[in-house]
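Encoded as structure tokens, the structure appears first; notes follow it.
The values are calculated or read from the model by the stated rules, or taken from the named source; none is laboratory data. Note that the structure is a prediction, hence the values are computed from the model and not measured. With ideal geometry, Cβ positions are generated from the backbone for all residues, glycine too; neighbour counts draw on all protein chains shown.
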Amino acid sequence: MNKTAVGIVGASGYSGQELIRLLLRHPQADIVCYTSRQYSGRAVASVFPQFRGLTDAKFVESSPETVAGDVVFLALPHGVAAEYAATLLARGKRVIDLSADFRLKSPATYREFYEHEHPAPHLLAKSVYGLPEFYRDAIRTAELIACPGCYPTSILLGALPALRLGLAEPTGIVISSLSGVSGAGRKVAEEYLFCEVNESARAYGIPKHRHLSEIEEQLGVTVSFTPHLIPLNRGILTTIYLTAKQAGHALEAYREFYRHEPFVRVLENLPDTKYVERTNFCDISVRHDPRTGRLVIVSALDNLTKGAAGQAVQCFNLACGYEETTGLL
């Protein structure tokens, strides 16, 4: 079988690096284009020594008109990604976008949460939300795949079964998430310096973190969401509190719901970010608290893998007709 030529736009960010790591070992992917404005002209392996001996390619400047590859991954900031997507689609490329530009269906909601007009609203109806566990069939034929955010992935995989199976009420949902610092992206900012983050934990984005829009659109309900920054390099731990309806068999119901999903592990023990690091797994456990009448769901994933690049590769496999787990196990 011929390999699929892929391009990575924004290959020098954290998600871009993770895409390189996963796709270099992917037996059906051939990375033909690595773009980075910051490192243009430099060898990929000189910027990121972990790739020594794996590629002799160089980073190049990019424009939507010149990016190579039959499938193009966009690891760009929101707003910029949409400009690339429109041109790439017109050139006949399939686009897997890791930004927030095509996750929402409403331009008005995008404007409310991202504080500017959507650059390509005509493409919103065309995009498919890249959460394979719930949109697998649509992803297979999609030309534009919008990969979920890291927080939403941990929350949706945790909460959607409870709502769809009628285990919990759709009101009064409270969500608390803890994220490693790489979730903020590879940038220089005072609040992410080592001395500011180490030995510290803080909440932020209250009451209206940008990912809230995506979470609520997919859940179809209003929730309270509080994200926290903790001193980890990578990883997200999410706890979801719902009012139980018929939760006595919740753990067994979750096991059955995800029985055929290769990257969701339903556990007896509570999840730990240590055991999902650098994997495409989301670990989930469920507890019913009869004292409070609450259903408590805990999920853990790596924000750069299942929360970003790994999930993008999972979508790539589906879109190209490869085994879904290829390059990820």
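Rundown of residues vs (1) modelled with pLDDT under 95; (2) within 29 Å of residue 104 (Cβ to Cβ), yes/no style:
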{"site": "15", "(1), (2)": "no, yes"}
{"site": "23", "(1), (2)": "no, yes"}
{"site": "50", "(1), (2)": "no, no"}
{"site": "62", "(1), (2)": "yes, yes"}
{"site": "78", "(1), (2)": "yes, yes"}
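Looking at residue 103 and the list (1) in contact (Cβ under 8 Å) with a residue 24 or more places away in the chain; (2) assigned by TED's automatic domain parsing to the domain that holds residue 234; (3) charged (D, E, K, R), which single condition is not satisfied?
With respect to (1) in contact (Cβ under 8 Å) with a residue 24 or more places away in the chain; (2) assigned by TED's automatic domain parsing to the domain that holds residue 234; (3) charged (D, E, K, R), residue 103 is out only on (2).
Quick check, is residue 235 surrounded by fewer than 20 Cβ atoms within 10 Å (Cβ to Cβ), assigned by TED's automatic domain parsing to the domain that holds residue 156 and either at pLDDT below 95 or at positive phi (or both)?
no
Only one of these is of a type outside the set (Asp, Glu) and out of contact with any His (no Cβ under 7 Å at 6 or more places or on another chain): 99, 127. Name it.
The conditions single out 127.
Which residue pairs have Cβ atoms under 8 Å apart, sit 6 or more places apart or on different chains, and have a first residue in the stretch 110-139 that is under 21 Å from residue 209 (Cβ atoms) and outside the structural domain of residue 160 (by TED's automatic domain parsing) and a second that is among the charged types (D, E, K, R) and part of a helix (DSSP H, G or I)?
Between residues of the stretch 110-139 that are under 21 Å from residue 209 (Cβ atoms) and outside the structural domain of residue 160 (by TED's automatic domain parsing) and residues that are among the charged types (D, E, K, R) and part of a helix (DSSP H, G or I), the close pairs are 117/111; 118/111.
Scan the stretch 46-60 for residues that are at negative phi and either crowded, with 17+ Cβ neighbours inside 10 Å or not basic (Lys, Arg) (or both) and jot them down.
Selection gives 46, 47, 48, 49, 50, 51, 54, 55, 56, 57, 59, 60.
Output yes when any residue across the stretch 77-98 is of a type in the set (A, V, I, L, M) and closer than 27 Å to residue 164 by Cβ, and no when none is.
yes
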